[in-house]
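Enquirer: The following block contains the structure, expressed as structure tokens.
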Amino acid sequence: MNIFSLSGFFIALTSAVLIVILLKYGKSKLHKIWSFFNITVFIWGIGCYLAGKAATIETAKVAWTIACIGGYFIAAVCYHTICVFCDLQRKKVLFLFYFLALLFSFFTIFYSQLVLTNWEMMFDSIYYNKMTPLYGIIFLEWVIVVSLAFYELAMFLKRSTDIKKSQSYYLLISLMVGFVGGGMTLFPALGIRIYPFTNFGVAVYAMIGTYAILKYRLMDLRVAITRFGVFVFVYTLVLGLPFAMVFAYKKSLQSFWGDFWWILPMVIMALFATAGPYIYLFLQKKAEDRLLATQKQYQQTLIQASLGMNRIKELQRLLNLIVHIVTKTVRIEHAGIYLLDPERNQYILKASRLEKDFLIRDKIDIEESLIKHIEKIEAPLIFAEIKQKAEDTSREDLRRISFLMEQMRSEMIVPNIVNKKMVGFISMGKKKSGKMYTEEDIAVFSILANQSALAIENAIFYEESGKDLAQRFHESRLRGLGQLSSGVAHQIHNRLNIISLGGAVLIDMLKDITSQTPREEVDQLIEKTKKDIEKMVNSAIRGEEIANAIKNYARANPKPQVIVFDEILQSSLSLVMTKHPDFKYELVKEYSSTSPIWANYSTMQDVIFNNIDNCCDAMKLKKKHISEGRLVVDNYIPRIRIATSDVDSNFKIEIEDNGIGMTTDQLEKMFVPFYTTKGAQKGTGMGMNVAYQLLSANKGTIAIDSVYQSWTKVTIIIPKATPQQIEADKNKGEDNGNAENPISG
Amino acid sequence: METPKILLVDDENDVVDFLRDFLELKGYSDVETATSGQEALNIISSKKPRFAFLDIQLADEINGIEVLKRTRDLSSDTKVVMISGYRKEFFKTALALGAIGFIAKPVKKNELNEMISLLSQT
């Protein structure tokens, strides 16, 4: 085997490896055309290998025919590859080049005397043909095609940026080495006597290409190539060593082992074959660990981040965290997260992290081509690529996107998509290192974006339901006030009526008193006047109590404070009185504990008032059922029992009535929002659900138990105030002159 | 002089107390009081008062208007005067149902005088 033959062998080997990888792992159009290109190189390599070995003119002719056909197509496919790589539309030119390659192949096979003729042994080892006119034309055409391919690639290299620039640079270098090397192989046929060493350049091309693939993701096949490389290395060793042993030491083995000389190589082969997979896996893991070090680090960050994200239910905190993760994981200058505002039809910057004083576009209309584009591709958008495409195609939408991204200082936009809906997107600025975004970055951010999309959706849901709770609380209080208002008006009216009536009666009574009025009568009148004035004062006090209860009810103080339960109960009873002014019931207080509790005053008042209100409704209904004969109870006396006790660090309140009770079905639905047992007119269905949610917010619980037609018991558990809280509350009260105490208001 | 029997109905005890005091002071000694609708109906039915002063909102499910309606059957001679803070809302209804007068709450000197003039009309 001469050196030329060896170069052919290497070319065939390297291109074969590339072909296998590309066919196995390649997916894109570029992968396909690149593998096709390598097939033509492979054919060239085989041709060269055979030509180098050819001992006769006949075999040399066959060998060179193979090499030439490979060569013709190398040029055409190379041009095609570059068109695909640079995204160029050159259909007609490509058609022409392929046609010429076919035509020349036809002539080479069937009219070889016009192409491959006048054979001469050169360099004492290789048969070369001498140039014919057609051979000259073919060579010229080949040079033109290849030059054109290089020209296109060079132009692309000039205008491309970032990763595409590096990729095209390596592609150009590798192809140049390959083509110059391969092209010079034909020099002897043109009369230039240079030994075709340069043919190794074709093999070098594959190496450079592979390097570019590994380093610059020329084909996104880093991992594939590494795996394949490890595989080839291990199995060459496993299978090659025993064979080498056989070839090198067969005689010695025979002399030593006789007829059983093959046992040792077989045993070694068996051992190696057994160990092979383990070595393969070990090496592969090592190689991938190295290759995927960044990716694994990212994955770690991601796992932690997603754990953290799912825990956060507060939208703003979540958005800040996402931006933090994004900026810190990849060390970028700035990042921002835009969320869809469905009411304004805009994506609005909700959180951002700026390292420098950047101008940021904080609103993007949903009609913008940027949004349309992201929605369409559902994948990260790279500024460099968009800019490139915009320049290449002069498409107005791409220009607009490029302009917007520039305004946003965005190098990459990753959409947050849940169920095909883009809830928002993350915009990322330049890396601090100045490096471009790698495939790993893009993959990681895609996952992060999708994870965060879910978390964002959840947080929005929580926020809305939270907002809803606040709203519902507010609304239920307003509704409560509405329901109370007529009762309150009547009560206040009655108080005023007593005062004014009492005053009028007293004036009338006292107007006739003169110095002649008998002493006894005067004394009687004074006594009566005293009593009447007492009634009037009491009435005024009662009116004030009602006014206070209403005032406290209307004034929702969001902060928790130290509360004495009985005060809450009294003010709640005042409210109940305005709603059920004439309903008489027995109130039984069983206080085992008077510990102060730590809760929101309005919340507690609301909960207690709602529950006693429910008790009254239940007892009124029972009374009605009894009066209508639907229920038989002897001497029914409506009764509410209110009991308190300590349970560890909590305060337990039991509110029990002997009203109509609830059925099992009603009990089950008790905490369902909008569920009411009172009919649409009376109940809003908010009471228990709101009570449940409000108490949860106060670290409390509420449970309900009931027996239909007999009783209902509500058990509320709420934390007791700690000594520190009591102390702090006292100080605050002193500082504010007790302004915070709703009872004194 | 025999004074007419008068019934005072209001859900507030203090109110009926004051009114009774006032009427007694004016010489009307035969005064009955009630705080609930049922109580009022019982008295109207059994004692047939000459006058009944009815508040609209009472201590039970039977309100003043209901009492007014039933008074015609129970005691056709009883003259009913409504006392209410609701003013015009019930005024027409009350008159249509046969009430002879309407006294607005809160009761002041003028309203008291009106009561007396209503009593002395008949």
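The values are calculated or read from the model by the stated rules, or taken from the named source; none is laboratory data. The shown structure was predicted, so the numbers you read here are calculated from the model rather than taken from an experiment. Glycine gets a Cβ as well: all are built from the backbone with ideal geometry, and neighbour counts include every protein chain shown. The area values use the complete protein model at the heavy-atom level, side chains included, leaving out ligands, DNA and RNA. Shrake-Rupley method; radii C 1.70, N 1.55, O 1.52, S 1.80 Å.
Enquirer: Show me the helices (runs of 4 or more DSSP H) found entirely inside the stretch B:1-110 where at least 1 residues are modelled with pLDDT of 90 or more, open to solvent by 30 Å² or more (accessible area, probe 1.4 Å) and more than 14 Å from chain A (Cβ to nearest Cβ).
Expert: Answer list for the stretch B:1-110: B:37-47, B:64-74.
Enquirer: Hey, another quick one. Looking at the stretch A:420-452 only, could you name the residues that are of a type outside the set (Phe, Trp, Tyr) and crowded, with 22+ Cβ neighbours inside 10 Å?
Expert: A:424, A:426, A:427, A:428, A:429, A:441, A:444, A:448, A:449, A:452 - these are the residues of the stretch A:420-452 that are of a type outside the set (Phe, Trp, Tyr) and crowded, with 22+ Cβ neighbours inside 10 Å.
Enquirer: Based on what the data block shows, is residue A:513 closer than 30 Å to residue A:577 by Cβ, of a type in the set (Val, Ile, Thr) and either more than 8 Å from chain B (Cβ to nearest Cβ) or open to solvent by 60 Å² or more (accessible area, probe 1.4 Å) (or both)?
Expert: no
Enquirer: A further question follows. All but one of (1) within 27 Å of residue B:63 (Cα to Cα); (2) touching a Lys or Arg at 6+ places or on another chain (Cβ under 8 Å); (3) buried (at least 16 other Cβ atoms within 10 Å of the Cβ); (4) not charged (D, E, K, R) hold for residue A:614, so report the exception by its number.
Expert: All conditions pass for residue A:614, except number (2).
Enquirer: Further question: Of all residues in the stretch A:96-144, which are acidic (Asp, Glu) and on the phi > 0 side of the Ramachandran plot?
Expert: Listed by number, the list holds a single entry, A:124.
Enquirer: Return yes when residue A:600 is open to solvent by 20 Å² or more (accessible area, probe 1.4 Å) and under 50 Å from the mean Cα position of the chain (by Cα) and no when it is not.
Expert: no
Enquirer: Restricting attention to the stretch A:582-597, which residues are in contact with a helix residue (DSSP H, G or I) (Cβ under 9 Å, 6 or more places away or on another chain) and either within 11 Å of residue A:644 (Cα to Cα) or open to solvent by 30 Å² or more (accessible area, probe 1.4 Å) (or both)?
Expert: A:585, A:587, A:589, A:591, A:593, A:594, A:595, A:596
Enquirer: Another question, then. Looking at residue A:101, is it over 22 Å from residue A:138 (Cβ atoms), aliphatic (A, V, I, L, M) and in contact (Cβ under 8 Å) with a residue 24 or more places away in the chain?
Expert: Taking the combined requirement at face value, the residue does not satisfy it.
To keep it simple, each residue is scored yes or no on (1) over 29 Å from residue A:17 (Cβ atoms); (2) surrounded by 12 or more Cβ atoms within 10 Å (Cβ to Cβ); (3) of a type in the set (A, V, I, L, M, F, W, C); (4) in contact with a Leu (Cβ under 8 Å, 6 or more places away or on another chain).
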site: A:238; (1), (2), (3), (4): no, yes, yes, no
site: A:242; (1), (2), (3), (4): no, yes, no, no
site: A:251; (1), (2), (3), (4): yes, no, no, no
site: A:264; (1), (2), (3), (4): yes, yes, yes, yes
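Enquirer: Out of all the residues in the stretch A:556-605, which are in contact with an Asp or Glu (Cβ under 8 Å, 6 or more places away or on another chain), more than 14 Å from chain B (Cβ to nearest Cβ) and modelled with pLDDT under 80?
Expert: Of everything in the stretch A:556-605, just one residue is in contact with an Asp or Glu (Cβ under 8 Å, 6 or more places away or on another chain), more than 14 Å from chain B (Cβ to nearest Cβ) and modelled with pLDDT under 80, namely A:557.
Enquirer: Now for a separate question. Of all residues being more than 7 Å from chain B (Cβ to nearest Cβ) and open to solvent by 20 Å² or more (accessible area, probe 1.4 Å) in the stretch A:489-502, which is modelled with the highest pLDDT? Just the residue, please.
Expert: Checked the stretch A:489-502; the qualifying residue modelled with the highest pLDDT is A:499.
Enquirer: Here is a further query. Give the residues of the stretch A:633-664 that are charged (D, E, K, R) and surrounded by fewer than 20 Cβ atoms within 10 Å (Cβ to Cβ), sorted by residue number.
Expert: Result: A:634, A:639, A:641, A:646, A:648, A:652, A:654.
Enquirer: Can I ask one more? So, restricting to helices (runs of 4 or more DSSP H) that lie completely within the stretch A:80-179, which ones have at least 1 residues that are closer than 30 Å to residue A:402 by Cα and basic (Lys, Arg)?
Expert: Of the helices (runs of 4 or more DSSP H) lying wholly inside the stretch A:80-179, those with at least 1 residues that are closer than 30 Å to residue A:402 by Cα and basic (Lys, Arg) span A:91-110, A:133-159.
Enquirer: β-branched (Val, Ile, Thr) and in contact (Cβ under 8 Å) with a residue 24 or more places away in the chain, is that true of residue A:655?
Expert: Yes; evaluated as a whole, the condition is true for this residue.
Enquirer: Being within 11 Å of chain A (Cβ to nearest Cβ) and either surrounded by fewer than 18 Cβ atoms within 10 Å (Cβ to Cβ) or part of a strand (DSSP E or B) (or both) is the filter here; which residues of the stretch B:112-122 pass it?
Expert: Those that are within 11 Å of chain A (Cβ to nearest Cβ) and either surrounded by fewer than 18 Cβ atoms within 10 Å (Cβ to Cβ) or part of a strand (DSSP E or B) (or both): B:113, B:116.
Enquirer: Out of curiosity, is residue A:391 assigned to a loop (DSSP other than H, G, I, E, B) and open to solvent by 40 Å² or more (accessible area, probe 1.4 Å)?
Expert: When the stated conditions are applied, residue A:391 does not pass them.
Enquirer: I'd like the residue in the stretch A:183-228 that is modelled with pLDDT under 75 and small (Gly, Ala, Ser) and, out of all such residues, is nearest to residue A:129 (Cα to Cα).
Expert: Checking each candidate, the answer is A:206.
Enquirer: Yes or no: the stretch A:522-545 includes at least one residue that is of a type in the set (A, V, I, L, M), away from every other protein chain (no Cβ under 14 Å), surrounded by 14 or more Cβ atoms within 10 Å (Cβ to Cβ) and within 30 Å of residue B:26 (Cβ to Cβ).
Expert: yes
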